[in-house]
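What follows is a short report on a single structure.
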Amino acid sequence: MFGDLFGKLQEAQQKMQESKERLRHILVDGEAGDGTVKVVVTGGREVRSVEIDPVLLVADRKEELEDLLITALNRALKQAEETWEAEMKGMAGGMLGGMGLPGM
């Protein structure tokens, strides 16, 4: 009984690692200011790139640029979070279905 449970836990750990690896390769983006600021993050929530239109790179637009960066980053991170949640939900559903737990 415990050997089977231990095996299932090892399998779950392996699937978690595989999911994390997949998420590292999924790219999502966020934009703000009609595309003047673009951010790309991974499904693992790692920022990969930031692109800023040169029109925003002037001293009197500093505050606007900062606001747009925050907006673009938050949009990209929200999409990354949704991607992560979907991956984890799919992984958990697959594992729970294979464990034969009563009532699940």
With every protein chain kept in place and a 1.4 Å probe, the residues Leu5, Leu23 fall, from largest accessible area down, as Leu5, Leu23
Radius 14 Å from Cβ of Glu31, net charge of other residues (Lys, Arg +1; Asp, Glu -1): -2
On a 0 to 90 degree scale, rounded to 10, what angle separates helix 62-99 from the longest Cα axis of the chain? 10
Which one is right for this structure if Kirkwood radius over Cα pairs in Å is calculated from it: (1) 14.0; (2) 16.0; (3) 18.9? (2)
Measuring from label point to label point, each 7 Å out along Cα→Cβ, what is the Gln14 to Phe2 span in nm? 2.2
For Val41, net neighbour charge (Lys/Arg +1, Asp/Glu -1) across residues whose Cβ lies under 13 Å away: 0
How far, in degrees from 0 to 90, does helix 2-25 lean away from the longest principal axis of the Cα atoms of the chain, to the nearest 10? 20
Given labels modelled 7 Å from the Cα in the Cβ direction, how far is it in nm from Val47 to Glu63? 2.1
Order by protection proxy (mean Cβ within 10 Å, highest first), peptides 32-44, 76-88: 32-44, 76-88
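The values are calculated or read from the model by the stated rules, or taken from the named source; none is laboratory data. Since the structure is predicted, the reported quantities are computational estimates derived from the model, not experimental observations. Positions of Cβ are generated from backbone atoms using ideal geometry, with glycine treated the same way; all protein chains shown enter the neighbour counts. Protein only, heavy atoms only, side chains kept; ligands, DNA and RNA dropped before computing areas. Shrake-Rupley method; radii C 1.70, N 1.55, O 1.52, S 1.80 Å.
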